[in-house]
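The numbers here are math on the coordinates, done by the rules we state, and not lab data. Since we're looking at a predicted model, the values are computed, not measured. A quick note on method: Cβ atoms are made from the backbone with ideal geometry, for glycine too, and the neighbour counts reach across all protein chains shown.
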Amino acid sequence: MASFWHTAKWIVLEPQNAFKQMRREGLAAPLIFAVCGALCSSLILICWFSLWSLVGGAGGHAAKLDAGNIFLVALGICGLMVGAVLIGMLVAGPLIHFVLSRFRGANYSWVTTLRVVGYVGGVAAFLAVIPQLAAVGFAVYAIIGLSAAHGTTKGKTTGAVLLSWAILLCLLCFVAGASLLYSFGSGRLPRH
């Protein structure tokens, strides 16, 4: 765990140097780092949720949960965080590399891009205690990290990260819209 904190501190405080000196082969280390970041964030969120539950939530309106329910919520939070980080690394990473290569900014293999996305995802997952901070942190550190790791301009990496996000957002909206249309068409949702 000390290695996680050392790497996280290095990425947060000196991202340019961290990603410039990063190895460019192997996915195990960034994958483990991303999962550790997600688990650390989950632990903080679980503590926060448990404390919130013990005091009765917002103005006493939320029901207090017993230990069994808190455990189930904790497992759910851990699963969601780890799943989000892994899916983000394995879906967003190749997409970012593809877009970066279209901008002629990918000077190394896709493994380099996935390594950057994994390390940045671990830091962003830890920052997910404040959700907006995670999204902004991911974008900023991904832009800096990809620029340093691939030896390209920040303009190309900014374009690649933002265009990849736009593509993923469009796909997400398409899937959500199709699901709603299917639900309304099949009569599963009540019509008023």
Distance in nm between Ile44 and Tyr182 label points, each 7 Å along Cα→Cβ, equals 3.6 nm
About the Cα centre of segment 2-186, how large is the charge dipole given +1 on each Lys and Arg Cβ and -1 on each Asp and Glu Cβ? Please answer in debye to the nearest 20. 580 debye
Return the label of the correct value of volume of the Cα convex hull per residue in Å³, as calculated from the structure shown, out of [x] 163; [y] 205; [z] 125. [x]
Can you give the calculated 222 nm mean residue ellipticity of the chain, where each DSSP H run of n ≥ 4 adds -39,500 (n - 2.57) and the sum is split over every residue, rounded to the nearest 500 deg cm²/dmol? -26000 deg cm²/dmol
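Quick one: how many lysine pairs in segment 2-186 have C-alpha atoms under 27 angstrom apart, if they're 8 or more apart or on different chains?
For segment 2-186, the number of qualifying lysine pairs is 5.
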Dipole-positive endmost among Gly118, Val35, Val73 within segment 2-186 (Cβ charges, Cα centre): Gly118
Paramagnetic reach from Ala29 in segment 115-159 [backbone N under 20 Å; point 7 Å along Cα→Cβ]: 115-126, 141-152
Quick shape check on segment 1-42: root eigenvalues a ≥ b ≥ c of the Cα gyration tensor, a/c under 1.5 is rounded, otherwise prolate if a/b tops b/c, else oblate, and it reads oblate
